[in-house]
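Report on one structure; see the data block that follows.
The values are calculated or read from the model by the stated rules, or taken from the named source; none is laboratory data. Fair warning: this is a prediction, and the values are worked out from it, not measured in the lab. Glycine also receives a Cβ, built like all others from the backbone with ideal geometry; neighbour counts cover every protein chain displayed. We work out accessible area using only protein heavy atoms, side chains counted, and drop any ligands, DNA or RNA first. Shrake-Rupley method; radii C 1.70, N 1.55, O 1.52, S 1.80 Å.
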Amino acid sequence: MPPSQPASPPSRRRRTLRFGAGPEWSFAQLGVTGVATAGVVVYLGALHLAVGGFDGVWWLLALVPVALMPWSGSAAPLALWAVLLIGWFVLTPEGTYSWWALPAAAGAVAAHAAHALSASSPPAGSFTRATVQRWIRHCLVALCAAGAVVVAVAALSSRDLTIGALGLVVGLAGVAAGLAWVRTSPPSSTD
């Protein structure tokens, strides 16, 4: 009697889409691109409400995540967020504070995590449920930290403290250092 061969697991066929002559894209990759786009829209909506309106050209930035799909692992998404963060500082009047910063932070966290997750898999690849759950937990922790910062700023904003240009530079340098650290040391994968 020949030894029994272990049954191979049935191969799961992934459904993909192809846009023109480009590579095939999985529905998971399209989903994280949708999350990144929604994050930019939420951020721009919060900025619009915080400043009472801005030029309509800013809304074109909501299309950038779709254009960045092939370059999600590059510095292009960071450049997008640099433009959006600078836009927040340029468009908001100096010394003002808005609670709309919290939904803007949620949009930024979701979009940045979507770009980072997209960079961890090829265009036709997908993600396991455990990977998605781990990234959602990381996003919730980041959003809780953003909420704590918003509460601290709200408490300090009533005290006639001026941040000044140096404070903004130090804050942006801290954000850039944190993002660079996350990009070079992503959460470990147990998948």
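Worth a mention:
- Here residue 51 clears all of (1) open to solvent by less than 50 Å² (accessible area, probe 1.4 Å); (2) modelled with pLDDT of 85 or more; (3) under 29 Å from residue 120 (Cβ atoms) except the condition numbered (3).
- When residue 138 is tested against (1) surrounded by fewer than 18 Cβ atoms within 10 Å (Cβ to Cβ); (2) touching a residue at least 60 places away in the same chain (Cβ under 8 Å); (3) in contact with a Pro (Cβ under 9 Å, 6 or more places away or on another chain), only condition (2) is not met.
- Among the residues making up segment 92-123, a single one is under 15 Å from residue 26 (Cα atoms), surrounded by fewer than 22 Cβ atoms within 10 Å (Cβ to Cβ) and touching a Gly at 6+ places or on another chain (Cβ under 7 Å): 119.
- Enumeration of residues in segment 141-152 that are open to solvent by 50 Å² or more (accessible area, probe 1.4 Å) and within 25 Å of residue 69 (Cβ to Cβ): 143
- Top-ranked residue of segment 36-74 - restricted to ones that are under 13 Å from the mean Cα position of the chain (by Cα) and not in a helix (DSSP H, G or I), ranked as farthest from residue 177 (Cα to Cα): 68
- Residue in segment 27-42 that is touching a Lys or Arg at 6+ places or on another chain (Cβ under 8 Å) and not polar (S, T, N, Q) present: yes
- Residue in segment 120-134 that is touching a helix residue (DSSP H, G or I) at 6+ places or on another chain (Cβ under 7 Å) and either without any contact (Cβ under 8 Å) to a residue 40 or more places away in the chain or among the basic types (Lys, Arg) (or both) present: no
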